[in-house]
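Input: a single structure, listed below in structure tokens.
The values are calculated or read from the model by the stated rules, or taken from the named source; none is laboratory data. Because the structure is predicted, anything quoted here is derived from the model rather than measured. Note that each Cβ is placed from the backbone with ideal geometry, even for glycine, and that neighbours are counted across all protein chains shown. Just so you know, the surface numbers come from the protein's heavy atoms only, side chains and all, with ligands and any DNA or RNA stripped out. Shrake-Rupley method; radii C 1.70, N 1.55, O 1.52, S 1.80 Å.
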Amino acid sequence: MATVATRSPQGAWELGARAGYAASGLLHVLIGVLAAQLALGSSGGSADESGAFTAIAATPFGAVVLWVAVVAFVALAAWQAAAAISGAAGETGDRVKAGAKAVVYLALAATAYSVVRGASGGGRTQSATAEIMQSPGGRLLVGAVGVGVVVVGVYHVYKGLTKKFLEDLNRLPSGTAGRVARRAGVVGYAAKGLALTIVGVLFVLAAATANPQEASGLDGALQTLRDAPAGPVLLLLVAAGLVAFGGYCGVRSRFGRL
């Protein structure tokens with residue numbers, strides 16, 4: 001995939017975009033840890049982006065880390081948006097994906113900003129879904145969003161199992177580090193895909209039953225998985241996969257294509 005970097009020197013913008021991947025890696029590692037705590041019956045924070053950012057905020061220098069994450073996610077969102085608008089991302093499908101990624105990274109920046117500023121994220125997904133469902137065609141829209149998230153989740157699983165994620169890298173580290181990175185990508189993409197698929201199914205159920213409480217986001221999806229037969233074991237596996245995905249994101253921050 002062509003990149004903006006092919007038409008501009010290496011500099012602060014690319015450094016910021018790569019820092020965004022590193023921040024995403026840290027975020028997924030923390031979500032994995034929170035998911036493991038959930039599987040083990042701990043009363044830790046929400047196993048989602050808000051919970052992970054809150055955990056960071058509680059550490060020494062946590063506010064500094066969060067501000068860095070805000071800037072890094074904004075830089076990565078800007079990079080993806082520029083690639084989508086300029087056509088540097090590639091074909092139409094690639095431009096659409098780049099645009100969607102820009103929205104996701106902006107949302108992560110907004111979440112990190114809200115946490116560092118002390119805003120509460122509890123119930124945000126349900127309340128927003130309830131407002132949408134009260135509007136004309138709202139249930140159809142929520143259902144469509146759910147289907148879209150399921151498609152993204154299934155694609156993540158496919159991308160991991162087929163090792164298609166290797167196309168996102170300029171190269172892999174050599175030796176053992178490269179083999180570990182490859183396995184982390186396979187396991188990580190599959191685990192994240194499973195989690196996203198559950199999120200999407202919950203949105204579809206919310207639309208079908210007119211119950212916005214079903215649309216509970218990532219934390220709710222992981223809790224749903226925990227409550228399934230053999231759920232704690234499955235959730236621990238997903239938690240390990242999310243940590244692996246975080247590790248892969250760290251590799252991508254260094255060796256990834258932009």
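Residue separation times 0.36 nm, minus the C-alpha to C-alpha distance between ALA210 and ALA58: what's the value? Stretched fully, the ALA210-ALA58 segment lengthens by 51.0 nm. Accessible surface computed residue by residue for the stretch 171-258, with neighbouring protein chains in place and a 1.4 Å probe, gives 43 Å² per residue. Among LEU202, ALA83, THR54, pick out the residue whose Cα is farthest towards the positive end of the charge dipole of the chain, where Lys and Arg carry +1 and Asp and Glu carry -1 on C-beta, about the Cα centre. After comparing all options, I get ALA83.
Sequence-ordered 3J(HN,Hα) estimates for the stretch 180-191 from the Karplus curve with 6.51, -1.76 and 1.60 and θ = phi - 60° stand at 5, 4, 4, 5, 4, x, 4, 5, x, 5, 5, 5 Hz, glycine and proline given as x. Near the amide H of LEU169, within less than 5 Å, lie the amide hydrogens of ARG257, all on another chain or at least 5 residues away, with H placed in the peptide plane.
Considering all different alpha carbon pairs of the chain, the Kirkwood hydrodynamic radius works out to 18.8 Å.
Using only side-chain charges placed at the Cβ, +1 for Lys and Arg and -1 for Asp and Glu, the dipole size of the chain relative to its Cα centre rounds to 800 debye.
The heavy atoms of ASP227 present about 110 square angstrom of accessible area, all protein chains included, probe 1.4 Å.
Return, ordered by residue number, the residues of the stretch 140-183 whose backbone nitrogen is under 14 Å from a label point located 7 Å along Cα→Cβ of ARG254. The answer is 170-182, whose backbone nitrogens lie closer than 14 Å to the label point. Only one residue of THR162, GLY41, ASN211 has its Cα farthest out toward the positive end of the dipole of the chain, where Lys and Arg carry +1 and Asp and Glu -1 on Cβ, and that residue is THR162. On the basis of the beta-carbon distance and an R0 of 41 Å, ILE85 and GLN134 show a calculated FRET efficiency of 0.75. Shown for the stretch 126-258: the carbon plus sulfur share of the solvent-accessible area, taken with all protein chains present and a 1.4 angstrom probe, equals 66%.
Taking trypsin sites (Lys or Arg not before Pro) as exposed when their DSSP state is a loop state and no more than 16 other Cβ atoms lie within 10 Å, the longest site-free interval of the chain runs over 1-116.
Using only Cα atoms, locate the centre of the stretch 162-219 and the centre of the stretch 20-54, then give the distance between them in Å, rounded to an integer. The stretch 162-219 and the stretch 20-54 have Cα centres spaced 14 Å from each other.
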